[in-house]
Amino acid sequence: MKIIVTSIFVQDQDRALEFYSEKLGFIKKEDIPVGEFRWITLVSPDVQDGTELLLEPNAHPAAKEYQKKIFAEGIPATMFGVEDIRKEYDRLRGKGVQFTMEPTKMGELTIAVFDDTCGNLIQIVQK
């Protein structure tokens, strides 16, 4: 068994697609109409046959509440791995990404957290 798709709730699929592709550099893999929404997945440019990230609309009240509460508590919705966190931090800041935590050493990991502009905090980590 392996993870093939993981999802993240977003307030606006178009804005999320723009942020995750243009700012973060993920590549759109699927964009299929499904009723009033779309099945939009992205992949890492380095592992295009790897796990897909689904931009899931937060249209259900439970999804909206969950997303709102973890954001308010400062809890990242997901985590992405990076090779050089300082370099990635500088690159993303140069693209206007707003960080809520700059790179911080925590044991053997270094983490940073940013706002994806779609209702989520995202953590990046370097091992």
Fill in the blank from the handout: Given the candidates 97, 41, 61, the one whose Cα lies deepest towards the positive end of the charge dipole of the stretch 25-105, counting +1 at each Lys or Arg C-beta and -1 at each Asp or Glu C-beta, is 97
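Using DSSP to define loop residues, name the trypsin sites (Lys or Arg not before Pro) in the stretch 2-38 whose beta-carbon has at most 14 other beta-carbon atoms within 10 Å.
Values: sites: 2, 15, 23, 28, 29, 38; in loops: 2.
Sparse-neighbourhood loop trypsin sites (Lys or Arg not before Pro): 2.
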Exercise for the section: Could you pull the accessible area for residue 82 with a 1.4 Å probe, rounded to 10 Å²? Expected result: 30
Practice task
Quote to one decimal, in nm, the extra length available between residue 4 and residue 48 on full extension: 0.36 nm per residue of separation minus the C-alpha distance between them.
Solution key: 14.7 nm
Practice task
Please name which of 7, 126, 21 has its Cα lying farthest along the dipole of the chain towards the positive end, using unit charges on Cβ (Lys, Arg +1; Asp, Glu -1) and the Cα centre as origin.
Solution key: 126
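By DSSP, what percent of the beta bridges with both residues in the stretch 1-58 are antiparallel, rounded to the nearest 5? Spell out each step's value before the answer.
On the way: 10 of 16 bridges.
Counting DSSP beta bridges with both partners in the stretch 1-58, the antiparallel share is about 60 percent.
What number comes out for the charge environment of residue 40, summing +1 per Lys or Arg and -1 per Asp or Glu over other residues with Cβ under 13 Å away?
Details: positive: 15, 28, 29, 38; negative: 12, 14, 18, 30, 31, 52, 56.
Net of charged neighbours comes to -3.
Counting only DSSP beta bridges with both residues in the chain, tell me the antiparallel percent, nearest 5. Please list the in-between numbers first.
Numbers: 21 of 31 bridges.
The antiparallel proportion sits near 70 percent.
What longest range of the chain stays clear of loop-exposed GluC sites (Glu not before Pro) (DSSP non-H/G/I/E/B, at most 13 other C-beta within 10 angstrom)?
Working: sites that count: 36, 73, 83, 108.
Here the longest run is 37-72.
Share of the chain's accessible area from carbon and sulfur, percent, 1.4 Å?
Working: 4120 of 7970 Å².
Solvent-exposed carbon and sulfur of the chain make up 52 percent of the total.
In whole Å, what three semi-axes, largest first, describe the equivalent ellipsoid of the chain built from its Cα gyration tensor (square root of 5 times each eigenvalue)? If you can, show how the numbers build up before the last one.
Numbers: eigenvalues 110, 62, 38 Å².
In descending order the semi-axes read 23, 18, 14 Å.
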Practice task
Relative to the longest principal axis of the C-alpha atoms of the chain, give the angle of the C-alpha long axis of helix 61-72, reported between 0 and 90° and rounded to the nearest 10°.
Solution key: 10
Exercise for the section: Would you check the accessible area of residue 84, probe 1.4 Å, heavy atoms only, in square angstrom rounded to 10? Expected result: 70
Practice task
Sort the stretch 1-55 into rounded, prolate or oblate with this rule: let a ≥ b ≥ c be the square roots of the eigenvalues of the Cα gyration tensor; rounded if a/c is under 1.5, and if a/c is not under 1.5, prolate when a/b is larger than b/c, oblate otherwise.
Solution key: oblate
Practice task
For the chain, report the accessible area per residue in Å² (1.4 Å probe, heavy atoms, rounded to an integer).
Solution key: 63
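The values are calculated or read from the model by the stated rules, or taken from the named source; none is laboratory data. Because the structure is predicted, anything quoted here is derived from the model rather than measured. Positions of Cβ are generated from backbone atoms using ideal geometry, with glycine treated the same way; all protein chains shown enter the neighbour counts. SASA here: full protein model, heavy atoms, side chains in, ligands and nucleic acids out. Shrake-Rupley method; radii C 1.70, N 1.55, O 1.52, S 1.80 Å.
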